[in-house]
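S.K.: Below is a structure I'd like to ask you about.
The values are calculated or read from the model by the stated rules, or taken from the named source; none is laboratory data. Treat the numbers as computed from the prediction; the structure is a model and nothing was measured. FYI the Cβ positions are ideal-geometry reconstructions off the backbone, even for glycines, and counts take in every protein chain you see.
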Amino acid sequence: MRHGSYRFVASFLAIPLALYAIFVISPFAQAFYYSLTDWTGISPKFNFVGLENFKTLANDAVFRTALGNNVILLIGLPTATILLALFFAYLLNVGGRANSAGVQGVRGNGFYKLAFFMPQVLSVPVIAVIWSVVLNSQDSGLANSLLGRIGLGPSGFLADPNLALYCVMWVLIWGSVGFYLVLFNAAMSGIPKDIFEAAIIDGASRLSTFFRITLPLLWDTIQTSWVYLAILALDAYALVAVMTAGPGGPDNSTQVMGLQIADNGFQYGRAGYASAMGVVLFFLTLIIAAVMLRATRRDRIEY
Amino acid sequence: MTLQLDVEGKSSVPQQVAHPVGAKDRSFSPVNVFSHTALIAWALLVTVPFVWALIASLKSTGEIFGDSPWALPKELLWENFSRAWGKGVGDYLLNSAVVVTGGVFGTMLFGSMVAYVLARYEFPGNRFIYYLFAAGMMFPTFLAIVPLFFVVQNFGMISTYQGLILVYIAYSLPFTVFFMHAFFRTLPQSIAEAALVDGASHSTTFFRVMLPMAKPGLLSVGIFNVLGQWNQFVLPSFLSPQKPVLSQGIATLLGSQRYENDWGALFAALTIAMVPVVAVYLIFYRQVQAGLTGATLK
């Protein structure tokens, strides 16, 4: 350390660290503390109630519905998104396979990546508005007018308690596939071509090169994607808040934890209780990340 | 990280190298037809709703929800846009512009300062601070949202520009620090040392030498932050109820359709919200994809 550099380091860190501590760290820490109180959020006074909030939570029917819906999203969203993204990423690569080069972009590779990725750059309300109109339950709704033409009856979509959550899940999948396609595609292009060439010379088919080479070498990326999609599935607040009536959907069919936190914290004056929900959400996130990273851990392949 | 950037750059260069003599015609093999059919189908599924929304911004409500919602507008109703403007879209746009300008500037400045110090100086607590920022990328915002509201309220900054700007900066720091940290590590140490030997101070070295060298990284993470802060919805919905930003305003306008039934104006507002973002995306799509993929790959 040269003379004066400590002062320099301190001066560069002071403001950003202060901002981070005040607006990020301290609210996170406070949430844990408030989760043990009966704070309303309005009055400055509150009592320490221990784990009372968590006991109430366990019996809160709406919160359990919300949790259940998040779990459905947690299973469906990553599975569908990763499968679709892998499928398209592989099509982009295999389509252009000539004689020897194993990985070669299909014609229009750049265009497809440009188009598929698009939903990722738009804000959730924009996407939510467009899809809530496409999925309008009237006969003249966009999706229904297409369904009508192929002879399928009109569907209630977001108005149907059995379908509403899956409509939300579909919009999440629709918006995420392009992003993970680009991610997987980048990872696939990073695999050295001579591995594929060797496999092809040995007589491997397209499918077996995919399962024996591409997939194992992509495992790290898939694992990371899984964790991020799981975090996305635990949120879903913005889509639900904007897209479904109520909000929370017919008969709480699209209720999610984020919405419950917002409602309890800001509408019903139960800030302590909402913080307890936040703590549950935090531990769920942590568990999912830990489990996924552990369950899918393999020896890292260096190339 | 930077490896990821390189890979991304390479893969987007057309890879139409010379084919070996006798290579199959690429356009007509069955696999190729199948690939393109599936890819085009998804491309349509993604783009058609946007194009439809753009067209709907020039239609009347009757045409949007009429018997043939897929038809083109009979006449182009540009007044949808002026009505949207009259409903506050002009204000939302201004609020978004002010907050994103301040937010991105602050994020880039503070984020690169922290990243630079963490990447290039050894001091006690360096690793700790780095992990403190890295952890911020994982935590659900919703855990913090209720206490955050009261923190901002205690500063008297609910529904103010400065409140949103400071919060945006704080919540954008983790990724910016993480990304720029990787970037500063790849820059050669010798140049900074030469500048210091020549008598430049540490901060002069940073602003005059290192920051300009980090331009490609700054561009990627900068665009990422522009898009992220422009599209921010959860934070402003709770922290700025009286001064809505654009994405929040769109959600409010959708809510008010129950009484107003003016969908033409809503789609005009959507168009106003979409066009700048799509333009930025089309111009910088390589950096956008690199920045966003960098956000996920640790």
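S.K.: Any idea how many residues of the stretch B:60-94 are of a type in the set (Asp, Glu) and facing another protein chain (nearest Cβ under 10 Å)?
M.R.: Here the count works out to 1.
S.K.: Pull up the stretch B:101-124, narrow it to residues that are more than 12 Å from chain A (Cβ to nearest Cβ) and in contact (Cβ under 8 Å) with a residue 12 or more places away in the chain, then point me to the one that is nearest to the chain's Cα centre (by Cα).
M.R.: The qualifying residue nearest to the chain's Cα centre (by Cα) is B:Val104.
S.K.: Follow-up. Just to be sure, is A:Leu36 surrounded by fewer than 22 Cβ atoms within 10 Å (Cβ to Cβ), touching a residue at least 40 places away in the same chain (Cβ under 8 Å) and more than 27 Å from the chain's Cα centre (by Cα)?
M.R.: Criteria met by A:Leu36.
S.K.: Go through the stretch A:255-280 residue by residue and tally those that are surrounded by fewer than 24 Cβ atoms within 10 Å (Cβ to Cβ) and of a type in the set (A, V, I, L, M, F, W, C).
M.R.: Residues that pass the stated criteria total 5.
S.K.: Counting only residues that are modelled with pLDDT of 90 or more and touching a Ser or Thr at 6+ places or on another chain (Cβ under 8 Å), how many does the stretch B:234-268 have?
M.R.: Within the stretch B:234-268, residues that are modelled with pLDDT of 90 or more and touching a Ser or Thr at 6+ places or on another chain (Cβ under 8 Å) number 17.
S.K.: Another question about this same structure. Is the stretch A:190-212 home to any residue that is assigned to a helix (DSSP H, G or I), touching a helix residue (DSSP H, G or I) at 6+ places or on another chain (Cβ under 8 Å), under 25 Å from B:Ile40 (Cβ atoms) and not β-branched (Val, Ile, Thr)?
M.R.: Checked against the condition, which is being assigned to a helix (DSSP H, G or I), touching a helix residue (DSSP H, G or I) at 6+ places or on another chain (Cβ under 8 Å), under 25 Å from B:Ile40 (Cβ atoms) and not β-branched (Val, Ile, Thr), the stretch A:190-212 yields at least one hit.
S.K.: Residue check, A:Ala290 against (1) of a type in the set (A, V, I, L, M, F, W, C); (2) buried (at least 19 other Cβ atoms within 10 Å of the Cβ); (3) modelled with pLDDT under 90, all met but one. Which one?
M.R.: Of (1) of a type in the set (A, V, I, L, M, F, W, C); (2) buried (at least 19 other Cβ atoms within 10 Å of the Cβ); (3) modelled with pLDDT under 90, only one is false for A:Ala290: (2).
S.K.: Where residues in the stretch B:126-152 are in contact with a Leu (Cβ under 9 Å, 6 or more places away or on another chain) and surrounded by fewer than 17 Cβ atoms within 10 Å (Cβ to Cβ), which of them is farthest from the other protein chains (Cβ to nearest Cβ)?
M.R.: Checked the stretch B:126-152; the qualifying residue farthest from the other protein chains (Cβ to nearest Cβ) is B:Arg127.
S.K.: Are there any pairs, at least 6 apart or on different chains, whose C-beta atoms fall under 8 Å, with the first in the stretch A:12-23 and within 15 Å of B:Ser172 (Cβ to Cβ) and the second of a type in the set (Phe, Trp, Tyr), and if so, which?
M.R.: Sorted first by the residue in the stretch A:12-23, then by its partner, the pairs are A:Ile15/B:Phe110; A:Pro16/B:Phe110; A:Leu19/B:Phe110; A:Tyr20/B:Phe133; A:Phe23/B:Tyr171.
Here's the yes/no breakdown for (1) at the interface with chain A (Cβ under 8 Å from one of its Cβ atoms); (2) over 18 Å from A:Ala89 (Cα atoms); (3) at pLDDT 90 or above; (4) crowded, with 16+ Cβ neighbours inside 10 Å:
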site: B:Thr2; (1), (2), (3), (4): no, yes, no, no
site: B:Lys10; (1), (2), (3), (4): yes, no, no, no
site: B:Val21; (1), (2), (3), (4): no, yes, no, no
site: B:Ser29; (1), (2), (3), (4): no, yes, no, no
site: B:Val33; (1), (2), (3), (4): no, no, no, no
site: B:His36; (1), (2), (3), (4): yes, no, no, yes
site: B:Ala41; (1), (2), (3), (4): no, no, yes, no
site: B:Leu58; (1), (2), (3), (4): no, yes, no, yes
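S.K.: Another question, if that's okay. Does A:Phe184 meet the test of being in a helix (DSSP H, G or I), more than 23 Å from A:Thr285 (Cβ to Cβ), aromatic (Phe, Trp, Tyr) and more than 11 Å from chain B (Cβ to nearest Cβ)?
M.R.: Taking the combined requirement at face value, the residue does not satisfy it.
S.K.: Under the condition of being in a helix (DSSP H, G or I), more than 18 Å from the chain's Cα centre (by Cα) and aromatic (Phe, Trp, Tyr), which residue from the stretch A:239-284 is farthest from B:Pro236 (Cα to Cα)?
M.R.: A:Tyr273
S.K.: Scan the stretch B:171-186 and tell me whether some residue there is modelled with pLDDT under 90, among the β-branched types (Val, Ile, Thr), under 23 Å from B:Arg127 (Cα atoms) and in a helix (DSSP H, G or I).
M.R.: Yes, the conditions are met somewhere in the stretch B:171-186.
S.K.: Could you list all residues from the stretch A:71-96 that are surrounded by 21 or more Cβ atoms within 10 Å (Cβ to Cβ) and either of a type in the set (S, T, N, Q) or out of contact with any helix residue (DSSP H, G or I) (no Cβ under 8 Å at 6 or more places or on another chain) (or both)?
M.R.: The answer is A:Thr81, A:Asn93.
S.K.: Related question: Pull up the stretch A:134-180, narrow it to residues that are of a type in the set (S, T, N, Q) and assigned to a loop (DSSP other than H, G, I, E, B), then point me to the one that is nearest to A:Ser253 (Cα to Cα).
M.R.: Filtering first and then ranking leaves A:Asn162.
S.K.: Sticking with this structure for a sec: Taking the stretch B:158-216 as the region of interest, how many residues are acidic (Asp, Glu) and more than 13 Å from chain A (Cβ to nearest Cβ)?
M.R.: Matching residues across the stretch B:158-216 total 1.
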